[in-house]
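This report refers to the structure that appears directly beneath it.
The values are calculated or read from the model by the stated rules, or taken from the named source; none is laboratory data. Owing to the predicted nature of the structure, the values given are computational and were not obtained by experimental measurement. For neighbour counting, all protein chains shown are included, and Cβ atoms are generated from backbone atoms with ideal geometry for every residue, glycine included. When the accessible area is computed, the model is the full protein with side chains, heavy atoms only, and any ligands, DNA or RNA have been set aside. Shrake-Rupley method; radii C 1.70, N 1.55, O 1.52, S 1.80 Å.
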Amino acid sequence: MSASSNTLRDFAARLLDYEGALVERIEPEGLEILAPAPVAEVLQIPELARLGFAAELPERAERVGLESDWLERFGSLLGEYGRGARVTLPVALPPLTNPERIVEHTLSLPNAVYRLLGTAPAWTRYLVMLFRVTAFSDEKREGLVKLGFNLANGSVLDPIVDELLSTALETADMRVAPPPHRQLPSDWAQAELKARVARALPERVEAHLAPFLIGMQRRLERDLVRVHDYFDGLRAESLLRLRKEGTATEPDIARERLRLEAIAREYEAKVADLRQKYALSVDVAWSQTLEIVMPVVRLELLIKRRKGERKIMLDWNPLARKLDIPPCEWSYTRNAVRLVCDDRLHLISPAAHAPCTSCEKAYCRACHPLQCPKCH
Ligand SMILES: [Zn+2]
Ligand SMILES: [Zn+2]
């Protein structure tokens, strides 16, 4: 019995109950459901259905898991417009006894200094987007990539997103109202959100596909070696026959030469086939967005770089008991080291402050998104 499957069962039971279905728990780790027709239709199940949440399924049950498309199906039921949902998690905030230490632990600013100005309880909105990733090669691989932002400051949620999501599924009460709007960070403009997602997503998709790519590379190399060994064997035999000069006649030699050429051509063709077979295409499609509204402890920091200074906020999440990693205001990477730029004190990852490829001068990509300021 695993915690996550139980959590998902509880979530499904609560959600279905909320939507007016009759829900009964059956063992091992399943649900029997009598669902109103519209609910059954959204979930793509018969009106009387059995769902199983663990490796061992109840009789005649359909399997439900986080890695299948069930999150999407539940999402369709949750969301007012099918693909977005908001849940409020009124978690109690414990007092932070040593916020300085927490900041020291998380914040790595090699070229700037900072001072903690204060801490205060606050509410934030987290946006968690799920993307379905499908990779096609000699095999097909499907999976979900999660990308989340703290709307208060742009921090990415990689270190806490699993915990947020599972707690949201476990304890979310669809009937709890969020606090008044003025206490919450506001929406990002659609274009801004899109730009940030576009820069943040490739890194996560690559990390998600890394094991698949390694496996694919291994299979490709194995096939290349096998093809090479096979044709190398044919070639060696042919060469051996050519070298038996004493017995080989002119027509024999001519025939062997043709054979050798044909072997070389066929080898090239086989290698090209393999490259084709293992060519990779990746499809990434947004599937849904969950907004999680919850209390946090907000830390205000003053960052100083040369003569400049700038205030930033980082939120401490009471569920994961972790402080936001500061956003890279260009790449939204999940790596945590940040530099502070000279001109506008942007927080950026070392990669977003890398040297220009032509003049080798380092510059801030958040200040100069299009081109290097020195050589253009
Ligand atoms: Zn340059
Ligand atoms: Zn900058």
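Points worth noting:
- Failed item in (1) part of a helix (DSSP H, G or I); (2) under 26 Å from Val161 (Cβ atoms); (3) β-branched (Val, Ile, Thr); (4) open to solvent by less than 20 Å² (accessible area, probe 1.4 Å), with Val87 passing the rest: (1)
- Residues in the range 290-328 that are charged (D, E, K, R) and buried (at least 22 other Cβ atoms within 10 Å of the Cβ) were compared, and the one that is nearest to ligand 2 (Cβ to nearest atom) is Asp324.
- Odd one out for Val176, checked against (1) under 22 Å from Asp10 (Cβ atoms); (2) touching a Lys or Arg at 6+ places or on another chain (Cβ under 9 Å); (3) modelled with pLDDT under 90: (2)
- The range 329-344, subset in a loop (DSSP other than H, G, I, E, B) and crowded, with 18+ Cβ neighbours inside 10 Å, residue farthest from ligand 1 (Cβ to nearest atom): Arg334
- Filter pass, Ala49 being buried (at least 20 other Cβ atoms within 10 Å of the Cβ) and in contact (Cβ under 8 Å) with a residue 12 or more places away in the chain: no
- Index of the failed condition, Ser186 passing every other in (1) open to solvent by 80 Å² or more (accessible area, probe 1.4 Å); (2) under 28 Å from Met294 (Cα atoms); (3) part of a helix (DSSP H, G or I): (3)
- When Lys140 is tested against the conditions (1) open to solvent by less than 10 Å² (accessible area, probe 1.4 Å); (2) closer than 30 Å to Ala272 by Cβ, the lone failure is (1).
- Residues of the range 246-281 that are of a type in the set (A, V, I, L, M), modelled with pLDDT under 90 and open to solvent by 60 Å² or more (accessible area, probe 1.4 Å): Leu280 alone.
- Of all residues in the range 353-362 being of a type outside the set (S, T, N, Q) and touching a Cys at 6+ places or on another chain (Cβ under 6 Å), the one that is farthest from ligand 2 (Cβ to nearest atom): Cys359
- Residues located in the range 351-373, provided they are surrounded by 15 or more Cβ atoms within 10 Å (Cβ to Cβ) and more than 10 Å from ligand 1 (Cβ to nearest atom): Ala351, Ala352, His353, Cys364, Arg365, Ala366, Cys367
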